[in-house]
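A quick write-up on the structure given underneath.
The values are calculated or read from the model by the stated rules, or taken from the named source; none is laboratory data. These numbers come from a predicted model, not from an experiment. As a convention, Cβ positions derive from the backbone with ideal geometry for all residues, glycine included, and neighbour counts pool all protein chains shown.
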Amino acid sequence: MAISASRSDINRRFMATMNSWPSDDDRLIKFRLVKVKGKRHFPKHFLARYGKEFGNTCFAIDHCDNCLKIQLVGNHMNRVIEEDTFETIRAFYQAERDVTVKLWYVGFGLFYLSLWDKMNFELALTQNPNFYVRDQLTSDKLDEIELNLNLKYVQKDEQPQVTSSSGDSPQSTDVEEVVGPNTADPVEIDNHMRDIIFHTYSKELQPSDIGASRLYVPVDFAEILKTFGDAAIWTIISPPSPQGSTFLFQGHQNPTNPFDIRFGLGWQDFCKAHVLKPKDLLAFRIVCKRNLRMMVDIRRYPRE
């Protein structure tokens with residue numbers, strides 16, 4: 001009988017199934033997060049043996065059960081990792097450029113990911129609530145994990161219920177849940193952010209925004225974002241798309257103009273996933289200051 005996965009229990013995460021992984025040495029590949037950008041090639045011997053198991057997307061799971069997509073191009077004998085994938089990894093983990101990414105191929109399109117510094121010490125990672133394995137993989141992938149690794153990602157992790165002294169009802173907390181735009185995903189909201197949470201910052205997309213590497217945010221929204229500093233990594237909760245409903249955006253601030261802020265990393269993927277067009281309206285709302293989360297709703301411009 002498969003063990004029920006639980007993110008709060010290290011013995012019930014993906015890494016705990018390591019004894020069931022194939023042990024062939026050729027399954028380990030390494031990449032450096034160097035300054036030079038570009039697509040990364042898998043070793044030829046690796047593709048010769050495992051290339052047919054890959055589609056256009058693989059997934060990397062770390063010891064905290066965070067799960068990230070690895071975008072691929074090319075055929076099974078010449079699979080190449082898209083250049084944005086490693087920039088996404090660097091931003092997600094806020095890793096330095098000299099960090100080494102180690103990927104162990106477990107099978108059926110899944111890798112185990114770990115990060116190592118230049119002294120060859122493994123880096124400690126933290127859990128991101130929006131990138132849990134169960135929420136990122138398709139049901140078919142989850143079924144393969146259960147079948148091959150005896151780990152079942154189905155039920156949500158049980159959360160301890162805090163009751164009042166009378167035992168009748170839960171105590172109030174400083175966080176409440178709301179429903180994301182056009183989704184059923186719960187989103188935590190900080191109560192002390194209520195003065196800006198329910199204000200929507202709108203951006204009408206221009207032709208120059210579509211397919212660009214950056215999106216400039218409205219000035220009134222930039223005034224809020226500047227308080228989070230340069231290069232902040234935001235988790236974006238959006239309407240569903242073929243690539244999911246959760247994305248990462250990295251903000252960049254003009255050093256000579258604090259109100260000139262743009263989203264760089266993540267914008268192109270978001271734009272493509274949602275097939276955005278000029279005059280579509282994006283509505284931004286910050287919903288969690290502590291975890292840097294915002295909701296983005298899309299209002300389509302009427303077209304014939």
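Brief remarks on what is shown
- Condition check for N120: out of contact with any Leu (no Cβ under 8 Å at 6 or more places or on another chain) and more than 25 Å from D25 (Cβ to Cβ): no
- Just one of the numbered conditions (1) surrounded by fewer than 21 Cβ atoms within 10 Å (Cβ to Cβ); (2) modelled with pLDDT of 85 or more; (3) more than 24 Å from L68 (Cα to Cα) is not true of R303: (2).
- Considering residues of the range 71-113 that are more than 14 Å from L125 (Cα to Cα), of a type in the set (A, V, I, L, M) and at pLDDT 90 or above only, the residue surrounded by the most Cβ atoms within 10 Å (Cβ to Cβ): L110
- Residue check for F54: at pLDDT 85 or above, touching a Lys or Arg at 6+ places or on another chain (Cβ under 9 Å) and not assigned by TED's automatic domain parsing to the domain that holds G266: no
- Among residues of the range 254-266, those that are part of a loop (DSSP other than H, G, I, E, B) and in contact with a Phe, Trp or Tyr (Cβ under 9 Å, 6 or more places away or on another chain), counted: 3
- A residue that is assigned by TED's automatic domain parsing to the domain that holds L123, farther than 23 Å from N128 by Cα and either charged (D, E, K, R) or touching a strand residue (DSSP E or B) at 6+ places or on another chain (Cβ under 7 Å) (or both) occurs somewhere in the range 62-73.
- Any hit, the range 138-155, residues being of a type in the set (S, T, Y) and either within 18 Å of T235 (Cα to Cα) or touching a residue at least 12 places away in the same chain (Cβ under 8 Å) (or both): yes
- Residue within the range 58-70 that is out of contact with any Gly (no Cβ under 7 Å at 6 or more places or on another chain) and surrounded by fewer than 17 Cβ atoms within 10 Å (Cβ to Cβ) present: no
- Number of residues in the range 124-178 that are at pLDDT 50 or above, under 25 Å from K289 (Cα atoms) and assigned to a loop (DSSP other than H, G, I, E, B): the value is 9.
- Exactly one residue among R290, R285, R303 is assigned to a strand (DSSP E or B), of a type outside the set (A, V, I, L, M) and at negative phi, and that residue is R285.
- G51 among the small types (G, A, S) and assigned to a helix (DSSP H, G or I): yes
- When the residues of the range 10-33 are filtered to those that are modelled with pLDDT under 85 and surrounded by 12 or more Cβ atoms within 10 Å (Cβ to Cβ), the one that is farthest from E82 (Cα to Cα) is I10.
- Only residues that are touching a helix residue (DSSP H, G or I) at 6+ places or on another chain (Cβ under 9 Å), within 19 Å of F92 (Cβ to Cβ) and at pLDDT 85 or above were counted in the range 242-261, giving 6.
- Matching residues in the range 63-84 - criterion: being in contact (Cβ under 8 Å) with a residue 40 or more places away in the chain, in a loop (DSSP other than H, G, I, E, B) and touching a helix residue (DSSP H, G or I) at 6+ places or on another chain (Cβ under 8 Å): H63, D65
Here is a yes/no grid of residues against (1) modelled with pLDDT of 85 or more; (2) not in a loop (DSSP other than H, G, I, E, B):
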site	(1), (2)
A212	yes, no
T227	no, yes
Q268	yes, yes
P278	yes, no
I298	yes, yes
